[in-house]
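Novice: Below you'll find the structure I mean.
The values are calculated or read from the model by the stated rules, or taken from the named source; none is laboratory data. Just so you know, these numbers come straight off a predicted model, no measurement behind them. Ideal geometry is used to build each Cβ from the backbone, glycine not excepted, and the neighbour counts take in all protein chains shown. Side chains included, ligands, DNA and RNA excluded: accessible areas come from the protein's heavy atoms. Shrake-Rupley method; radii C 1.70, N 1.55, O 1.52, S 1.80 Å.
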Amino acid sequence: QVQLVESGGGLVQAGGSLRLSCTASENIFNLDAMGWYRQAPGKQRELVAGIIRGGVTNYGDSVKGRFTISRDNSKNTLYLQMNSLKPEDTAVYYCSALFGPRDYWGQGTQVTVSS
């Protein structure tokens, strides 16, 4: 069982920055992959950014060049640095982890970008 706790969401003006954090109850070095997803009202949940155990990252097309995923194994924490935020980035952001055959999810953190 892996527990994930997100933090760092909030309200920011367009063009601003936020950093999300996701702290895991498990040593994240042992996890197969971790990622950030988001879900806006009336829309499907979508991948924002992911990172696999080897460190390879991937990003959704809409955030490439603006968001950066990273991790600190010593703190069991995953980060999402979000720059040049746009109103369309407004959503609930979820942290996820893949560990063996199961995936785990955090409770989500709201990010609201005002125009």
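Novice: Mind checking which residues of segment 77-108 are more than 21 Å from Gln1 (Cα to Cα) and open to solvent by 20 Å² or more (accessible area, probe 1.4 Å)?
Specialist: Once the filter is applied, which keeps residues that are more than 21 Å from Gln1 (Cα to Cα) and open to solvent by 20 Å² or more (accessible area, probe 1.4 Å), segment 77-108 yields Gln81, Asn83, Ser84, Lys86, Pro87, Glu88, Thr90, Val92.
Novice: Please go through segment 1-21 and pick out each residue that is under 16 Å from the mean Cα position of the chain (by Cα) and open to solvent by 40 Å² or more (accessible area, probe 1.4 Å).
Specialist: Across segment 1-21, the qualifying residues are Gln3, Val5, Ser7, Ser17, Arg19.
Novice: Further, regarding this structure: Out of all the residues in segment 25-41, is one or more of a type in the set (Phe, Trp, Tyr), in contact (Cβ under 8 Å) with a residue 12 or more places away in the chain and closer than 13 Å to Val113 by Cβ?
Specialist: no
Novice: Further question: If we scan segment 61-68, do we find a residue that is surrounded by fewer than 15 Cβ atoms within 10 Å (Cβ to Cβ), among the hydrophobic types (A, V, I, L, M, F, W, C) and more than 19 Å from Gln107 (Cβ to Cβ)? Talk me through it step by step, then tell me what you get.
Specialist: Of all residues in segment 61-68, those surrounded by fewer than 15 Cβ atoms within 10 Å (Cβ to Cβ) come to 61-62, 64-65.
The next check asks that each one be among the hydrophobic types (A, V, I, L, M, F, W, C); those that pass are none.
No, because not a single residue in segment 61-68 is surrounded by fewer than 15 Cβ atoms within 10 Å (Cβ to Cβ), among the hydrophobic types (A, V, I, L, M, F, W, C) and more than 19 Å from Gln107 (Cβ to Cβ).
Novice: Can you tell me which residues in segment 61-76 are among the acidic types (Asp, Glu) and either closer than 17 Å to Glu6 by Cβ or within 14 Å of the chain's Cα centre (by Cα) (or both)?
Specialist: Answer for segment 61-76, where residues must be among the acidic types (Asp, Glu) and either closer than 17 Å to Glu6 by Cβ or within 14 Å of the chain's Cα centre (by Cα) (or both): just Asp72.
Novice: Now for a different question. Please specify each residue of segment 28-42 satisfying the condition of being of a type in the set (D, E, K, R) and either farther than 19 Å from Gly60 by Cα or in a helix (DSSP H, G or I) (or both).
Specialist: Asp32
Novice: Now for a different question. Would you tally the residues in segment 43-60 being assigned to a loop (DSSP other than H, G, I, E, B), open to solvent by 30 Å² or more (accessible area, probe 1.4 Å) and out of contact with any Lys or Arg (no Cβ under 8 Å at 6 or more places or on another chain)?
Specialist: Of the residues in that region, 6 qualify.
Novice: Now a separate question. Six or more apart or on different chains, Cβ under 8 Å: which pairs go from a residue in segment 85-110 that's without any contact (Cβ under 8 Å) to a residue 12 or more places away in the chain to one that's open to solvent by 10 Å² or more (accessible area, probe 1.4 Å) and of a type in the set (S, T, N, Q)? Could you list them?
Specialist: Listed by first residue and then by second, the contacts come to Asp103/Ser96.
Novice: Could you pull out every one of the strands (runs of 3 or more DSSP E) wholly within segment 64-115 that has 2 or more residues that are among the aliphatic types (A, V, I, L, M)?
Specialist: In segment 64-115, the matching strands (runs of 3 or more DSSP E) lie at 77-82, 91-99, 109-114.
Novice: Which ones in segment 46-79 are in contact (Cβ under 8 Å) with a residue 12 or more places away in the chain, of a type in the set (D, E, K, R) and within 18 Å of Tyr93 (Cα to Cα)?
Specialist: Glu46, Arg66, Arg71
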